[in-house]
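Encoded as structure tokens, the structure appears first; notes follow it.
The values are calculated or read from the model by the stated rules, or taken from the named source; none is laboratory data. The structure presented is a predicted model; accordingly, all values stated were derived computationally and were not measured. Cβ placement follows ideal geometry from the backbone for every residue including glycine, while neighbour counts extend to all protein chains displayed. With ligands, DNA and RNA removed, areas are computed over all heavy atoms of the protein, side chains included. Shrake-Rupley method; radii C 1.70, N 1.55, O 1.52, S 1.80 Å.
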Amino acid sequence: ESDAGDYTCVCGDVQSTASLTVHALPALFKEELKNEEVQEGTSVSLHCELTKAAPVQWKIGSKVLKASDKFQMRQSGTTAELVIHDLEVEDA
């Protein structure tokens, strides 16, 4: 998208100008989340990779997760990670 704008070709005293519009592609999953089976009381790391950097939101069912001592969210470039600490059966 940052390449959009007016481009000009100049030759001596004449010039030609054109406007370039760039339509953004949506972020897609390059690597999706994988199912995990872990022991109660341990921690687990869930991660996915997108085709381009974009903000993500983590949910369990319809509930949006917020960062806390239990839920740690990280994002570096195209990789998003959710770490869940001190797992309980109710976290499944």
Residues satisfying the stated conditions in segment 80-91, i.e. surrounded by fewer than 10 Cβ atoms within 10 Å (Cβ to Cβ) and aliphatic (A, V, I, L, M): 89
I'd like the full set of residues that are open to solvent by 100 Å² or more (accessible area, probe 1.4 Å), touching a strand residue (DSSP E or B) at 6+ places or on another chain (Cβ under 9 Å) and not in a loop (DSSP other than H, G, I, E, B), limited to segment 27-67. 29, 30
Go through segment 42-80 residue by residue and tally those that are of a type in the set (Lys, Arg) and under 9 Å from the mean Cα position of the chain (by Cα). 1
Out of the residues in segment 70-79 that are part of a strand (DSSP E or B) and under 14 Å from residue 44 (Cα atoms), state the one that is most open to solvent (accessible area, probe 1.4 Å). 74
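Could you tell me whether any residue of segment 8-23 is within 13 Å of the chain's Cα centre (by Cα), free of Cβ contacts under 8 Å to residues at least 60 places away in the same chain and assigned to a loop (DSSP other than H, G, I, E, B)?
Looking through segment 8-23, none of the residues is within 13 Å of the chain's Cα centre (by Cα), free of Cβ contacts under 8 Å to residues at least 60 places away in the same chain and assigned to a loop (DSSP other than H, G, I, E, B).
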